[in-house]
Amino acid sequence: MDAIHFLQNMIRHDSSNPPGNEHTIANLFAERCEEVGIPYSLTKIAPGRSNFEIVLKGKEKENLLFCGHMDTVLPGEQPWKYSPFSGELDGNRIYGRGASDMKSGLCAMFLAVESLFKDKITPPMGIKFLATAGEEVDSCGAQHYLQEQSFDDVKAIVIGEPTDEKVVVGHKGALWLEIVTVGKTAHGSMPENGINAVEWMQPVMKMIEALKSTWKIAAIPLGESSLAITKINGGVQTNVIPDRCSLHVDIRSIPPQSHEQLLTEMKQRLKELFSTDNSPDFHVNMLLDRPSILTDKSAGIITTALAIKGQDSVHGVSYYTDAAVLNPNSRIPTLIYGPGDEELAHQPNEYVDINAYLRSIDFYKTLALDFISLST
């Protein structure tokens with residue numbers, strides 16, 4: 001079947017980020033567009049990196065934006081049942097890096113738009129299909145698009161991330177911090193002459209452990225906020241007292257938590273912790289700041305999606321999406337919906353259910369046709 005072969009081919013093109021190489025994926029879309037005559041634009045961002053866009057005119061001037069990213073995370077060191085870039089078909093599953101996150105959702109949205117064009121159907125409003133570069137690292141594609149394009153004509157956004165076909169109305173925010181302690185080197189046999197940056201990270205870790213419960217809040221549908229230490233690095237060599245240690249913290253927030261307030265409190269606690277004469281210097285670097293996204297259940301794009309699915313419950317997800325860059329204030333109603341299973345994202349033996357993938361093509365097409373009529 002054409003849709004299956006298209007997804008398999010997409011998986012076989014390695015777009016692991018770093019380095020990305022999204023231009024190879026954009027070229028696959030471009031080649032398919034040229035075969036059927038769909039106008040498209042391909043925007044180069046950096047060597048080997050591109051955004052891809054299709055704009056279909058609708059009866060109204062306003063647009064519905066379908067958006068997804070072309071890059072994937074690296075396959076990792078763990079063994080896979082099949083090669084991560086094989087697109088192997090096994091039973092009712094297609095395996096490979098990006099099968100779930102999110103080449104299946106991306107292909108499904110594209111094929112829905114292609115079907116509208118081939119069937120010569122003019123949707124109620126215009127459809128923009130945007131495939132971005134870099135979402136897995138720095139959202140460089142979404143940031144570039146935001147600088148070049150106006151969103152005044154976008155009535156709703158659909159992000160094709162993996163939701164296991166659930167109607168998702170929002171995602172948690174992400175605040176990534178690096179805490180660095182700067183001490184003083186000394187001979188390993190004379191530790192009293194130095195300031196051990198690694199040892200001083202121990203009270204920092206205890207402080208962060210205490211914040212896990214202090215900062216934790218919960219709200220439907222996004223669930224609980226979280227805080228985790230994810231990386232630590234320090235030391236020179238065995239016989240040298242280390243003068244530098246860095247620690248990474250991953251904070252996932254939910255409204256009404258403010259990243260600015262969390263960062264201010266973190267810095268204040270560190271200042272108090274390092275207030276003694278023999279303490280090291282410290283600084284905090286912000287590595288990533290993505291706000292949470294939340295759309296009201298009564299928004300037209302959500303009620304339309306629920307009507308198509310015959311459901312009445314909405315959900316939230318823990319991961320962040322390009323919507324945090326394109327729509328940071330949740331001003332534009334945003335639906336997150338895709339065939340992949342979020343539990344499989346970034347895992348070895350990632351796969352997508354074929355039937356879910358095929359159903360999503362029909363879902364996106366029906367959404368494009370029904371959005372206005374069901375939301376007014």
(message) Which of Glu148, Glu60, Glu114 ends up with the largest GNM mean-square fluctuation for the chain, with Cα atoms connected below 10 Å?
(response) Glu148
(request) Could you work out how far apart the two model spin labels at Asn355 and Ala210 are, taking each label as a point 7 Å from the Cα in the direction of the beta carbon, and quote it in nm? (result) 5.3 nm
(request) Using θ = phi - 60° and the Karplus relation 6.51 cos²θ - 1.76 cosθ + 1.60, list the HN-Hα couplings for the range 292-305 in order, rounded to whole Hz, with x at every Gly or Pro. (result) 6, 10, 8, 10, 5, 4, 7, 4, x, 5, 6, 5, 5, 4
(message) If the only charges are +1 at each Lys and Arg Cβ and -1 at each Asp and Glu Cβ, what is the size of the charge dipole of the chain around the Cα centre, to the nearest 20 debye?
(response) 420 debye
(message) Using Cβ contacts closer than 10 Å as the measure, can you line up Val284, Val204, Val198 from fewest to most?
(response) Val284, Val198, Val204
(message) On a 20 Å Cα-Cα criterion, which of the cross-link pairs Lys212/Lys267; Lys103/Lys166; Lys81/Lys166 come out too long?
(response) Lys81/Lys166
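I'd like the FRET efficiency for Ile232 and Ser86, computed as 1/(1 + (r/R0)^6) with the beta carbon distance as r and R0 of 30 Å, rounded to 0.05. Each step should come with its number before you reach the end.
Numbers: r = 35 Å, r/R0 = 1.17.
Given R0 = 30 Å and the Cβ-Cβ separation, E is 0.30.
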(message) Suppose only helical runs count, i.e. DSSP H with n ≥ 4. What mean residue ellipticity at 222 nm does that imply for the chain under -39500 (n - 2.57) per run, divided by all residues and rounded to the nearest 500 deg cm²/dmol?
(response) -9500 deg cm²/dmol
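Return the loop-located trypsin sites (Lys or Arg not before Pro) in the range 1-71 (DSSP other than H, G, I, E, B) with at most 13 other Cβ atoms within 10 Å of their own Cβ; answer none if there are none.
On the way: sites: Arg12, Arg32, Lys44, Arg49, Lys57, Lys59, Lys61; in loops: Lys57, Lys59.
When the trypsin sites (Lys or Arg not before Pro) of the range 1-71 are filtered for loop state and at most 13 Cβ neighbours within 10 Å, Lys57, Lys59 remain.
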(request) Under a cut-off of 17 Å between alpha-carbon atoms, report the lysines in cross-link reach of Lys57, not counting same-chain residues fewer than 8 places apart. (result) Lys118, Lys120, Lys128, Lys155, Lys365
(request) Could you point to the residue in Ile195, Pro162, Gln149 farthest towards the positive end of the range 142-216's charge dipole, with +1 and -1 charges on the Cβ of Lys/Arg and Asp/Glu respectively? (result) Ile195
(request) Starting from the Cα-Cα distance between Glu34 and Thr122, subtract it from 0.36 nm times their residue separation and give me the gain in nm to one decimal. (result) 29.7 nm
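Over the chain, what is the relative contact order in whole percent, taking alpha-carbon pairs under 8 Å and six or more residues apart? Don't skip to the end; give the middle numbers.
Values: 867 pairs, mean separation 92.8, N = 376.
25 percent.
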(message) Please report the spacing between the Cα centers of the range 117-187 and the range 259-327 in Å, no decimals.
(response) 14 Å
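What is the fewest-to-most order of Met207, Met286, Met70, Met10 by other Cβ atoms lying within 10 Å of their Cβ?
Lowest count first: Met286, Met207, Met10, Met70.
Run the numbers for Asp153 and Glu60: contour at 0.36 nm per residue of separation, minus the present Cα-Cα distance, in nm. Write out the running numbers ahead of the final one.
Details: separation 93, 0.36 × 93 = 33.48 nm, distance 1.01 nm.
Between Asp153 and Glu60, full extension yields an extra 32.5 nm.
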(request) Find how much the distance from Val137 to Ser189 grows on full extension, using 0.36 nm per residue of separation minus their present alpha carbon separation; answer in nm with one decimal. (result) 14.5 nm
(message) With a cut-off of 8 Å between alpha carbons and a minimum separation of six or more residues, what is the relative contact order of the range 173-290 in percent?
(response) 43 percent
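Hey, got a sec? Which trypsin sites (Lys or Arg not before Pro) in the range 94-156 land in a DSSP loop and have at most 15 other Cβ atoms within 10 Å?
Values: sites: Arg97, Lys103, Lys118, Lys120, Lys128, Lys155; in loops: Arg97, Lys120.
The qualifying sites are Lys120.
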(message) Per residue of the range 18-31, what does 6.51 cos²θ - 1.76 cosθ + 1.60 with θ = phi - 60° give for ³J(HN,Hα)? Whole Hz please, x for Gly and Pro, Karplus curve as stated.
(response) x, x, x, 6, 5, 4, 5, 6, 4, 5, 4, 5, 4, 4
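If each residue's Cβ is checked for other Cβ atoms within 10 Å, how do Asp71, Asp312 rank with the fewest at the top? If you can, show how the numbers build up before the last one.
Working: Asp71 27, Asp312 10.
Listing Asp71, Asp312 from fewest to most nearby Cβ atoms yields Asp312, Asp71.
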(message) Below 16 Å, Cα to Cα, which aspartates and glutamates can Lys297 reach? Residues fewer than 8 away in the same chain don't count.
(response) Asp312
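Read-outs: derived from the displayed coordinates by stated rules, not from any lab. The structure displayed is predicted, hence computed values, not measured ones. Note: ideal-geometry Cβ built from the backbone for every residue, glycine included; neighbour counts use all protein chains shown.
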